[in-house]
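The values are calculated or read from the model by the stated rules, or taken from the named source; none is laboratory data. Note that the structure is a prediction, hence the values are computed from the model and not measured. Here the Cβ positions follow ideal geometry from the backbone for every residue, glycine too, while neighbour counts run over all protein chains shown.
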Amino acid sequence: MKHLSFIFICFTLIFSTQARGGTILAVGEDEGALELAHWLYYTPAKKSDNIDSVKALDSRSWQRLTPAYNNRIGIEAFWVKFSIYNPKEIPIDRILSLANPNIDLIYLFHIVNGEMIDRVIMGDSLPFTQRPIINNHFIYPFQLEPDVLHTFYLKIETEGSASLPLSLSSPKSFAKDIESSSLTNGFQIGALTAIGLFSLFIAISSRSFSYSYYSGYVLSVTLLVATLHGFAFRFLWPQWPLLQKYMIPFLIPTAIFFALLFTEKVLQLKYHNLRMLRLCRYGAGFAVILALVTPFLSYSLSLYINIITILVVTTLLMVMAIIQALKGHKLARLYTLAWSGMLVGSFVSSAMYLGLVELPVSHLTPLMLGLLFEIIFMAAVLAIRYNDERKAKLKIQQEAVIQAQRARETREQALKIEADINEKLEQMVQERTLELEIALRELNEANQKLTEQATIDSLTGVKNRAAFDKRLLAEGRLSRRQQTPMALLMLDIDRFKSINDNYGHLAGDQTLRLIAQTLKEQLKRPGDLVSRFGGEEFAIILPNTGEEGAAQVAELIRQTIYELPISWKERSIPLTISIGVSAEIIDREQDPTKLLEQADKALYRAKNEGRNRVMVYTESL
C-alpha cells in the first residue's frame with residue numbers, strides 16, 4: 001500500500017504542472033454523481049480542428065470553463081477537456097453523463113496514457129438510435145484501471161444552448177439519479193398532458209372557446225417540455241433529427257398563439273377593452289407568422305427571437321391582467337396571480353439562456369416551476385369562469401320560464417276579457433240597436449287606442465321598432481314618388497353597459513326615458529319620427545331632409561344630450577351619444593333598407609373613432 005501511495009503522489013506532482021491546462025481529478029468511492037464543472041477546460045475550435053492538433057496544444061491554450069463562456073445560445077464550436085485518475089487498487093466502472101439533450105454534435109475522444117482508445121459521435125442532429133446508450137442524456141460508459149490517466153476531449157458544436165452539465169457517476173448511482181429525474185419529469189409531463197386532455201374534452205363537450213384555447217396552450221407547452229427534456233426525440237421522432245431541430249422554435253410561438261387567444265377570452269376583452277383585444281389578436285397573428293418562418297431562419301436566431309418574444313408577451317399579458325384586475329374584474333385578479341409565476345420563471349430562464357444571469361440550476365428549472373404554477377392556477381380560473389357561465393345560463397333559463405308563464409297568464413286573461421266583451425256585445429245586440437251602435441263606436445275607439453299603444457315603446461314612450469319599420473317603408477315610397485330626400489339618424493348611448501353596472505338598471509331605464517323625451521323635444525316637424533330601435537339605440541326619420549340638414553339636427557341632438565344634467569340618487573351620470581347619419585333620394589324599393597345600413601355603418605365608424613360624435617355616411621366608409 002505504501003508503494004502504491006508513493007506512485008500516486010509522484011504521478012500527481014508530475015501532472016500538477018499542467019494547472020493552467022487542466023487539473024487531474026482523483027476518483028474515489030461511489031459518493032453519487034460527481035459534477036465536473038470545476039475540472040473542465042476549454043479552447044476555441046478555430047485554434048485546432050482535429051484531435052491531434054488539440055492534443056498538441058500547450059497548457060496556455062486552455063482556460064477554465066466558466067458559465068459566462070458557454071451558457072449562451074449560438075456560440076462557436078469549442079473543445080473541452082478533463083483528466084481523471086483512479087488511485088484505488090482495483091478497476092472501477094464509471095459513466096460520463098452530459099445532461100443537455102439539445103446539443104447538436106458532440107465528438108468525444110477517450111485518451112488513456114496519451115493513446116486514443118475510443119471515439120464517439122453523439123448529438124440530437126443524429127438519429128436517436130446511434131447513441132452508445134439509449135437515454136435522453138448523452139451517456140458514455142468506461143472503466144478506470146488503477147494507475148492509469150484518462151483524458152477526455154469533447155468537441156461541442158451547437159446552435160442552441162451550449163450548457164455542459166457534465167457529471168461522473170457509478171452505474172448504481174447513475175441508475176438511481178436517472179430513475180429519480182425520469183420520475184420527476186414524467187410526473188410533470190403526465191400532469192400537463194392530463195390537464196391538456198381534460199381541457200380538450202371539456203372544450204369538445206361544452207363547445208367553449210376558452211377551454212379550446214387553454215387545451216391548445218397546455219398541449220403545445222407539454223410537447224415543448226417533452227422536447228426540451230429529450231422525451232419527444234426519444235419516443236416520437238427518433239429517426240427525424242431535422243424535426244427535432246425545428247420543433248422548439250415552432251412550439252414556442254404556437255404556445256404564445258394559444259396563450260394570447262386564451263387571455264382574450266378569459267379576461268373578456270371583447271366587452272371590457274377593445275384596445276387590449278386588438279393587441280392580443282395582433283400578437284396571435286405575429287406568433288403564427290413566426291411559427292411559419294422558423295424553418296427559414298438559423299436555429300440560434302430563431303431562438304433569440306422566440307426568447308425576446310416570450311419576454312415581451314409575458315410582460316404584456318401581465319400588464320393587461322393587472323389593469324383589468326385594478327378595474328375590479330374577479331377573473332383578472334386570479335389570472336394575474338397565475339401569470340406572475342410564468343412571468344418570473346420565463347424572465348429568469350430567458351436571462352440564463354441569453355447569458356445575462358448565472359444561477360446554480362438548470363436553465364429550464366425556473367421556467368418549469370413558473371409554468372407548473374401558472375397552469376395549475378389557470379385551471380382554477382377556468383373552473384371559476386365555467387361555474388359563473390353555468391350559473392348565468394341557469395338564471396337566464398329561470399327568467400325565460402317566468403316570462404313564458406307571465407305571457408301565458410296574460411294570454412289567458414286577454415281571452416277571458418275577450419269572452420266577456422263578446423258576451424256583453426251579444427246581450428247589447430239583443431237589447432237595442434241604438435246601444436249596439438254606441439257599443440260599436442266605443443269598441444272602434446278602443447281598438448284605435450290599442451293599435452296606437454302597440455306602436456309605442458312601453459319604457460321610453462316613443463315609437464317602437466315595428467312602427468319605425470312601417471314608417472320607413474312609407475316615407476321611402478313617398479321620397480321615391482316625389483323625388484325628395486329623406487334622412488335617417490342612428491343613435492347609440494356610449495358605454496351604456498357601464499351605467500347599468502355602476503348605477504343599476506333602474507338608473508339605466510331612467511336614462512333611456514330622459515333621452516327619449518329629449519329627442520321628442522328636439523324634433524319640431526310633425527312628420528319627423530323618433531323611435532327606440534333596440535336596447536340603447538334610437539332611430540330618427542327626417543322626411544324631406546338633405547344630408548346637411550340632417551347633420552345639423554344630429555349635432556344639435558348630440559350637444560343637447562351631452563349637456564343634460566343626468567343624475568341618480570345624487571350621483572351625476574356622465575352621458576354621451578354617437579350618431580350615424582345617412583340621407584339620399586330613394587330610387588328603388590330596397591333603398592330604405594340600404595339607407596338604414598348606411599346609417600348603421602356611420603354609427604359604427606363614430607364609435608370606433610372615439611364616440612360622442614356625429615358621422616355622416618360616405619362611400620369611403
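Quick rundown of the values:
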{"read-out": "First in region 274-299 and over 30 Å from Glu76 (Cα atoms), second anywhere and of a type in the set (Lys, Arg), Cβ under 6 Å, 6 or more apart", "value": "Leu277/Lys270"}
{"read-out": "Of all residues making up region 548-605, the number that are within 26 Å of Leu472 (Cβ to Cβ), among the polar types (S, T, N, Q) and modelled with pLDDT under 90", "value": "2"}
{"read-out": "Filtered residues of region 55-93 (kept if among the aromatic types (Phe, Trp, Tyr) and either under 17 Å from Phe152 (Cβ atoms) or surrounded by 17 or more Cβ atoms within 10 Å (Cβ to Cβ) (or both))", "value": "Trp62, Phe78, Trp79, Phe82, Tyr85"}
{"read-out": "Verdict on Leu197 being touching a residue at least 40 places away in the same chain (Cβ under 8 Å) and either among the aliphatic types (A, V, I, L, M) or in contact with a strand residue (DSSP E or B) (Cβ under 8 Å, 6 or more places away or on another chain) (or both)", "value": "no"}
{"read-out": "Failed condition for Gln143, given (1) in contact with a strand residue (DSSP E or B) (Cβ under 9 Å, 6 or more places away or on another chain); (2) crowded, with 20+ Cβ neighbours inside 10 Å", "value": "(2)"}
{"read-out": "Residue list for region 107-146, filter: closer than 19 Å to Ile75 by Cβ and part of a loop (DSSP other than H, G, I, E, B)", "value": "Gly123, Asp124, Ser125"}
{"read-out": "Hey, Leu415 modelled with pLDDT of 75 or more, surrounded by 14 or more Cβ atoms within 10 Å (Cβ to Cβ) and in a helix (DSSP H, G or I) or not", "value": "no"}
{"read-out": "Any helices (runs of 4 or more DSSP H) falling wholly within region 235-325 and containing at least 1 residues that are charged (D, E, K, R), over 11 Å from the mean Cα position of the chain (by Cα) and at pLDDT 90 or above", "value": "274-293"}
{"read-out": "Residue in region 375-391 that is modelled with pLDDT of 75 or more and more than 18 Å from the chain's Cα centre (by Cα) present", "value": "yes"}
